[in-house]
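The values are calculated or read from the model by the stated rules, or taken from the named source; none is laboratory data. On a predicted model such as this, the values are computed, not experimentally measured, just so you know. With ideal geometry, Cβ positions are generated from the backbone for all residues, glycine too; neighbour counts draw on all protein chains shown. Heads up: the accessible areas ignore ligands, DNA and RNA and are worked out on the full protein's heavy atoms, side chains in. Shrake-Rupley method; radii C 1.70, N 1.55, O 1.52, S 1.80 Å.
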Amino acid sequence: SRLLDKRVPAVKGDTLGGGTYDIDSARGRFVLVNFFATWCPPCIAEHPDLVELEAYGAETGNIELVSIVFDDDPDKVEALFGELRGSWPVLGDSSATLAVTFQVAQVPESFLIDPNGVVVAHLTGGIEADDVIAAIEGT
């Protein structure tokens, strides 16, 4: 990814839950920016690992997650989170602006942002919580 070792692009907007999110508020912690869709089987398969990462972040304060909907219906996304759990912010991206900015080719894709706001990893395909935790704890 051309974003590696560069400052993360602006990730902010309204969440599906009715709040707002701005990645700049996460300085001092790692952030996993995750692009996904409910129609994507690997996205569904990685969801338990995202839930595990959310729990790790709540326990340690080391990481927070933000998901960005990729070409999907917000009602289906809310139903998925209701079924599989997860309370991290989810941004709609109906105009696909963030997907273009991050050059997302196909979901799931995730980007690990360090506490200084620099993109340190581009993860294609489903993530595994243990790999992300190892990357965080190894820095």
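Some points to look at:
- Antiparallel DSSP beta bridges within the chain, as percent of all bridges there, nearest 5: 60 percent
- Within region 1-94, the trypsin sites (Lys or Arg not before Pro) that combine a DSSP coil assignment with at most 12 other C-beta atoms in a 10 angstrom radius are Arg2, Lys6, Arg27.
- In the context of the full set of protein chains, residues of the chain present 49 Å² of accessible surface per residue (probe radius 1.4 Å, heavy atoms only).
- Nonpolar atom fraction for the chain, defined as the carbon and sulfur part of the 1.4 Å probe accessible area, stands at 50 percent.
- Helical mean residue ellipticity (222 nm; -39500 (n - 2.57) per DSSP H run of 4+; nearest 500) of the chain: -10000 deg cm²/dmol
- Column: log10 I(q)/I(0), Debye, Cα scatterers of the chain, q = 0.08, 0.14, 0.20, 0.22 Å⁻¹: -0.17, -0.56, -1.28, -1.63
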